[in-house]
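The values are calculated or read from the model by the stated rules, or taken from the named source; none is laboratory data. The model shown is predicted, which means the values in this text are computed figures rather than measured ones. As a convention, Cβ positions derive from the backbone with ideal geometry for all residues, glycine included, and neighbour counts pool all protein chains shown. The protein model used for the area step is the full one, side chains on, heavy atoms only, and it has no ligands, DNA or RNA in it. Shrake-Rupley method; radii C 1.70, N 1.55, O 1.52, S 1.80 Å.
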Amino acid sequence: MIRLYDYELSGNCYKLRLLLHWLGLQYQRIAVNFHPGREHRSPAFLRDINPLGQLPVLADGDFLLRDAQACLVYLASQYDRAGHWYPDDAATRGRITTWLATADDLTRSIAAARQHYSFGMAADIARCEALARASLRLLDDALAENQASGRPWLAGTHEPSIADIACFPYAALAGEARIDLRPYPALQAWIRAMRHRDGFIAMPGILDPAL
Amino acid sequence: MAVSPLWHPVAAAQMLRGGQNIVAALLAGQPLALWRSGSGAVQAWEDRCPHRGVPLSMGRVKGDQLACAYHGWQYAAQDGRCTAIPAMPDRPVPGKVCVKTYAALERQGMVWVNPADTAAGDAPPAQDPAAGVHLRSLGVDLPVAAIGAALERSGFDQAAPHAWRGSLDGVATRVYALDATPQWCLLHLFCDHAPPADQWSRRFAEIRALRDAIEQRGA
Amino acid sequence: MPFDTLDPNVRSDWLTIGSASLLDGCTADRPMATRLLGNHLQAWRDAAALPVVIADGQSLPVLERYGYLWVHTGDGPQRTLFELPEYDESGRRIVDCGGIGVATSGLRVVENFLDMGHFPYIHTGTLGKVPQTEVAPYRVHVDAATQEIWALDCHFFQPRASACAADGIDAQYRYRVMQPFTAALYKSSPDHAGALDVIGLFVQPLDDEHVIAHVLLVYFEDRLGDADMIAFQQMIFGQDKPILENQRPRRLPLHGPLEAHMRCDLTSATYRRWLRQRGMAFGVHPD
């Protein structure tokens with residue numbers, strides 16, 4: 001049984017909830033009291049679950065894996081029968097990996113600012129905003145070109161890949177980091193396209209389109 | 001016939017898909033919700049539900065109605081009148097509940113909005129429908145007042161209010177500029193023909209280079 | 001830096017600065033730092049373990065009630081803090097869900113807390129579901145003795161009314177507004193027939209347009225761990241946050257044509273009238 005050490009308001013945890021759902025996998029959600037409990041920084045969590053004190057952590061049998069992007073790679077490699085989340089093609093995997101790096105920049109910038117405003121965690125807001133805008137512009141540039149050439153997903157694919165899942169949550173939550181998405185029309189169109197994928201599930205802060 | 005500068009190029013027409021999406025736009029600091037009803041008519045509304053002030057761009061298009069995300073209140077295309085209040089489904093909706101709407105039309109592959117309440121003046125002319133492919137729209141960190149000079153330094157000439165003509169990668173290109181806020185504007189780029197498949201990347205690289213040049217020169 | 005308002009509605013009353021547990025490990029040299037009404041505050045426990053709160057080098061009167069800290073910022077007489085008898089009831093489980101920052105007027109946060117019409121749209125699948133959107137008539141009154149607002153006989157179909165709910169129910173609700181920035185929701189307990197679970201909302205106003213919204217659960221519940229109960233509550237609050245942060249104007253309009261009221265908005269209309277009658281200015285949109 002797959003277990004997910006999870007926090008409801010975490011965009012990084014949501015990446016795995018989304019892929020697990022789209023892969024049709026059963027799993028046990030283990031709620032971690034991130035705020036106000038700071039359980040992810042408790043001695044027990046650091047010792048047994050993740051020495052970095054971060055979420056999400058994925059457990060599959062005895063196999064324990066930290067880092068949202070690493071977990072996306074693992075789940076897609078292990079369970080994606082259709083092979084479109086992490087296509088078995090060197091060039092595509094190379095491109096996907098560049099976007100997994102951008103996802104880390106989004107965590108460092110948008111997620112950090114969001115945690116500052118929501119939970120009072122320390123952050124250099126000016127640096128966060130500069131990195132956020134540079135990352136959002138990079139995404140908008142790539143998506144504008146990809147949309148125009150008929151392969152509208154981040155890694156230039158016809159179907160979304162884990163590159164899209166990795167970058168989606170914090171791009172969509174930019175408003176909570178007090179960043180305006182109106183300068184990025186292609187990015188906004190991509191966010192909408194993700195939300196309207198069959199079987200999409202939302203997270204608090206990302207409006208559920210299905211009603 | 002002089003085109004009136006009261007018409008502003010807010011979005012590329014193809015970005016609005018009938019009965020589907022709502023584009024959140026900014027026109028001189030005024031938030032707009034742009035959408036196309038199921039029957040195709042483009043709508044430019046104040047981006048604010050008159051119930052509790054929530055942006056309508058967070059809502060949903062349902063045929064010829066727009067539903068607010070907060071309580072599902074529905075508003076009809078064209079006049080913006082409220083037609084349904086789901087919390088009170090059996091009571092008539094008061095006639096005075098209405099979204100503020102603006103005049104909008106489509107020309108040259110763009111959606112133009114006139115935010116003034118007075119007579120609009122001459123609208124931008126139609127364009128030969130065979131001409132014009134929308135390449136992309138993008139934000140530029142420069143106030144619109146500086147855009148003209150920056151575009152001219154990059155080899156573009158002003159053709160009409162908010163519109164410039166020039167060439168990119170040797171191809172005739174139109175640029176429309178929208179005043180979004182005092183800090184940034186939105187540029188919409190069109191070229192006459194779709195580039196061949198092997199030139200897409202280069203064309204888009206040229207667009208990014210143009211943006212970077214404009215931002216640097218305007219700084 | 002002084003407090004940025006003279007509004008007696010906030011200066012004469014007790015305002016929360018968060019959970020008492022925030023003082024754990026804090027000393028005069030390493031105080032807890034927070035903000036209130038545009039001012040910076042430091043707090044810690046003294047040698048007698050009593051809370052100390054300082055603003056502008058002056059010590060403020062402080063109460064420790066319901067696991068939370070409450071301060072008084074004015075010069076004049078202090079109002080009495082509201083009563084919450086359920087907190088001390090035997091068998092109750094107290095879960096502090098902590099505070100979440102929101103960029104809007106605290107009055108908007110309270111008004112949203114009192115609203116049911118958004119349940120099927122914002123809390124889809126839990127507190128409501130389309131097409132069960134109708135808000136049935138309910139009763140609202142202002143208590144003559146306490147001047148608190150009460151909304152009674154509220155009910156709404158909820159597919160998943162709480163963290164441990166398995167089936168949809170017609171949830172029975174009561175709402176109470178104790179102060180401009182504090183409210184409580186009483187809902188029928190799934191575990192204890194006839195009893196009411198309490199959700200307390202204590203809003204800490206950082207300034208006119210920024211708050212920390214604290215939520216306290218006073219429940220009869222013993223099946224789920226704290227993390228699961230907090231997750232459910234924060235999910236609900238996290239779903240409200242993008243709505244709250246995007247409402248314009250940020251401050252609450254009390255007069256004029258900016259926002260429409262319908263019969264289903266009875267509690268919100270009563271809340272706004274109550275604020276008008278108290279001369280509320282802080283967090284209010286100037287007309």
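Among the residues here, C:A103 qualifies as surrounded by fewer than 22 Cβ atoms within 10 Å (Cβ to Cβ), closer than 30 Å to C:L254 by Cα and either aliphatic (A, V, I, L, M) or within 14 Å of the chain's Cα centre (by Cα) (or both). Selection within the range A:101-136: residues that are in contact with a Gly (Cβ under 9 Å, 6 or more places away or on another chain) and open to solvent by less than 50 Å² (accessible area, probe 1.4 Å). The member of this set that is farthest from B:F204 (Cα to Cα) is A:F119. Taking the criterion of being touching a helix residue (DSSP H, G or I) at 6+ places or on another chain (Cβ under 7 Å) and in a strand (DSSP E or B), the residues of the range C:122-136 that qualify are C:G128, C:K129, C:Q132. Residues that are out of contact with any Asp or Glu (no Cβ under 9 Å at 6 or more places or on another chain), at pLDDT below 95 and within 18 Å of C:I236 (Cβ to Cβ) number at least 1 in the following strands (runs of 3 or more DSSP E) confined to the range C:137-217: C:169-179.
For the range C:55-100, a residue qualifies if it is among the aliphatic types (A, V, I, L, M), open to solvent by 30 Å² or more (accessible area, probe 1.4 Å) and touching a residue at least 24 places away in the same chain (Cβ under 8 Å), and the qualifying residues are C:L63, C:I94. Summed over the range B:71-88, residues that are over 18 Å from C:C264 (Cα atoms), in a strand (DSSP E or B) and of a type in the set (A, V, I, L, M) total 1.
Listed here are the helices (runs of 4 or more DSSP H) enclosed by the range A:4-100 that have at least 1 residues being in contact with a Gly (Cβ under 7 Å, 6 or more places away or on another chain): A:11-22, A:43-48. For the range B:50-65, taking the residues that are touching a strand residue (DSSP E or B) at 6+ places or on another chain (Cβ under 6 Å) and within 14 Å of chain C (Cβ to nearest Cβ), the one that is farthest from B:T181 (Cα to Cα) is identified as B:R60. Close Cβ contacts (under 6 Å, 6 or more residues apart or on different chains) running from residues in the range A:165-193 that are closer than 24 Å to A:R127 by Cβ to residues that are hydroxyl-bearing (S, T, Y) and surrounded by 24 or more Cβ atoms within 10 Å (Cβ to Cβ) comprise A:P169/A:Y14. Exactly one residue out of B:D90, B:D122, B:D117, B:D157 is open to solvent by 40 Å² or more (accessible area, probe 1.4 Å), over 23 Å from B:S39 (Cα atoms), at pLDDT 95 or above and of a type outside the set (S, T, N, Q), and it is B:D157.
This table checks each residue for (1) in contact (Cβ under 8 Å) with a residue 40 or more places away in the chain; (2) open to solvent by 20 Å² or more (accessible area, probe 1.4 Å); (3) at the interface with another protein chain (Cβ under 8 Å from one of its Cβ atoms).
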| residue | (1), (2), (3) |
| --- | --- |
| C:V198 | yes, no, no |
| C:V203 | yes, no, no |
| C:H214 | yes, no, no |
| C:G225 | no, yes, yes |
| C:I243 | yes, no, yes |
| C:P249 | no, yes, yes |
| C:L258 | no, yes, yes |
| C:T270 | yes, no, no |
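Look at (1) buried (at least 19 other Cβ atoms within 10 Å of the Cβ); (2) modelled with pLDDT under 95; (3) of a type in the set (A, V, I, L, M, F, W, C) and you find that B:W73 fails only one, number (2).
In the set (1) touching a Lys or Arg at 6+ places or on another chain (Cβ under 9 Å); (2) surrounded by fewer than 18 Cβ atoms within 10 Å (Cβ to Cβ); (3) of a type outside the set (K, R), the condition left unmet by C:Q277 is number (1). Here is a check on your reading of the model: is C:Q234 touching a residue at least 40 places away in the same chain (Cβ under 8 Å), in contact with a Leu (Cβ under 6 Å, 6 or more places away or on another chain) and either within 14 Å of chain A (Cβ to nearest Cβ) or among the acidic types (D, E) (or both)? Here the answer is yes, as C:Q234 does meet what is asked. Take the residues of the range A:137-156 that are within 12 Å of another protein chain (Cβ to nearest Cβ) and outside any helix (DSSP H, G or I): which is least open to solvent (accessible area, probe 1.4 Å)? Result: A:G156.
For the range C:17-42, name all the residues that are in contact (Cβ under 8 Å) with a residue 24 or more places away in the chain, more than 14 Å from chain A (Cβ to nearest Cβ) and in contact with a Ser or Thr (Cβ under 9 Å, 6 or more places away or on another chain). Hits for the range C:17-42 are C:L37, C:G38, C:N39.
Condition first: closer than 21 Å to B:L138 by Cα and charged (D, E, K, R). Can you find one or more residues in the range A:111-128 that meet it? No, that holds for no residue.
One residue stands out in the range C:52-61 among those that are modelled with pLDDT of 95 or more and outside any strand (DSSP E or B): the one that is farthest from C:R79 (Cα to Cα), namely C:L60. Among the residues of the range A:18-37, just one is open to solvent by less than 10 Å² (accessible area, probe 1.4 Å) and within 12 Å of chain C (Cβ to nearest Cβ), namely A:V32. Filter the range C:118-146 down to the residues that are surrounded by fewer than 21 Cβ atoms within 10 Å (Cβ to Cβ), among the hydrophobic types (A, V, I, L, M, F, W, C) and without any contact (Cβ under 8 Å) to a residue 40 or more places away in the chain and list them by number. Listed by number, the residues that qualify are C:V130, C:A136, C:A144, C:A145.
If you go through the range A:180-201 and keep only what is part of a loop (DSSP other than H, G, I, E, B) and within 12 Å of chain B (Cβ to nearest Cβ), you end up with A:D180, A:L181, A:R182, A:P183, A:Y184, A:H196. Hey, can you tell me all the residues within the range B:5-27 that are more than 10 Å from chain A (Cβ to nearest Cβ), closer than 14 Å to A:P183 by Cα and touching a His at 6+ places or on another chain (Cβ under 8 Å)? Scanning the range B:5-27 gives a single hit, B:L27. Within the set A:R81, A:R95, A:R127, A:R133, the sole residue that is modelled with pLDDT under 95 and over 20 Å from A:C13 (Cβ atoms) turns out to be A:R81.
Under 23 Å from C:P8 (Cβ atoms) and among the hydrophobic types (A, V, I, L, M, F, W, C): which single residue out of C:V71, C:V130 fits that description? So the residue among C:V71, C:V130 that is under 23 Å from C:P8 (Cβ atoms) and among the hydrophobic types (A, V, I, L, M, F, W, C) is C:V71.
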